Amino acid sequence: MDMFIIIASLVITLGAQAYINSMYKKTKKIELSKGITGHDVARKILDSNGLFDVKVNESSGILSDHYDPRSKTVNLSPEVFCKASIAACSVAAHECGHAIQDKDGYFFLKLRSFIVPFVNIASYLGYISIVVGLFLSAFDLIWLGIFMEFVILFFQLITLPVEFNASNRALKQLNELNIVSSDEMVYSKKMLFAAALTYVASVATAVLQIVRLFLMVRRND
């Protein structure tokens, strides 16, 4: 059973990652008919929503794009920031979706931001508790680790509506601001759906990890 769960987790994680990478590579080759870059798309969406104070920065890495609610910045990877592709405009619009959530006081975004420090602590303590518990056969520590895994799972569950909502907002902006054509919208939806699947995969693997630890404790308790 342990091996089955480990293999299932790897298949889910690697499968989701392979899908997003494949879709990103495909859509980054399709030039946007408007010829505007991810930076320009982000700036247009932000300005149209009165978010003139939100800056659009170029960050390092691949698919490292994110919105930082603390500094009020949309941070785009080089290929998204500079390129005029379906992938670039879709990713940029998605990050702007988070900025609009922040402006609107979207509940799940506020809740996720609030519990981030607790999740960081849970990640650290959970790992230590499980490793030490297994080494010393101290099952109370392993149960503590499982509880920490539930905290992480709760965070990932909250992330799902945040990400899906941001994508819906992104698609709405791309349509209303006439940034993409109807044909291009099809690819934007596919790109954002692939990105969302990575978060679903994270939830699934977290559940499997908890099940594996639970079975381990029950088997040895």
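The values are calculated or read from the model by the stated rules, or taken from the named source; none is laboratory data. All figures in this text were calculated on a predicted structure; none of them were measured in a lab. Reconstructed Cβ throughout: ideal geometry from the backbone, glycine too, with neighbour counts over all protein chains shown. Only protein heavy atoms, including side chains, enter the accessible area calculation; ligands, DNA and RNA are left aside. Shrake-Rupley method; radii C 1.70, N 1.55, O 1.52, S 1.80 Å.
See the values below:
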{"read-out": "Flag if PHE114 is open to solvent by 70 Å² or more (accessible area, probe 1.4 Å) and under 17 Å from the mean Cα position of the chain (by Cα)", "value": "yes"}
{"read-out": "Residues (open to solvent by 60 Å² or more (accessible area, probe 1.4 Å) and of a type in the set (Val, Ile, Thr)) located in region 1-11", "value": "ILE6, ILE7, VAL11"}
{"read-out": "Enumeration of residues in region 13-55 that are of a type in the set (D, E, K, R), crowded, with 16+ Cβ neighbours inside 10 Å and modelled with pLDDT of 95 or more", "value": "ASP40, ARG43, LYS44"}
{"read-out": "Residue count for region 164-221, restricted to those that are in a helix (DSSP H, G or I), under 30 Å from TRP143 (Cα atoms), in contact (Cβ under 8 Å) with a residue 60 or more places away in the chain and of a type outside the set (Gly, Ala, Ser)", "value": "15"}
{"read-out": "Failed item, numbered, when ILE62 is tested on (1) open to solvent by 20 Å² or more (accessible area, probe 1.4 Å); (2) of a type in the set (Val, Ile, Thr); (3) touching a residue at least 60 places away in the same chain (Cβ under 8 Å)", "value": "(3)"}
{"read-out": "Residue that is surrounded by the fewest Cβ atoms within 10 Å (Cβ to Cβ) [pool: residues in region 126-167 that are among the hydroxyl-bearing types (Ser, Thr, Tyr) and modelled with pLDDT of 85 or more]", "value": "THR159"}
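Yes/no per residue for (1) touching a helix residue (DSSP H, G or I) at 6+ places or on another chain (Cβ under 6 Å); (2) under 27 Å from SER33 (Cβ atoms):
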position: GLU149; (1), (2): yes, no
position: ASN168; (1), (2): no, yes
position: ASP183; (1), (2): no, yes
position: LEU192; (1), (2): yes, yes
position: ILE210; (1), (2): yes, no
position: LEU213; (1), (2): yes, no
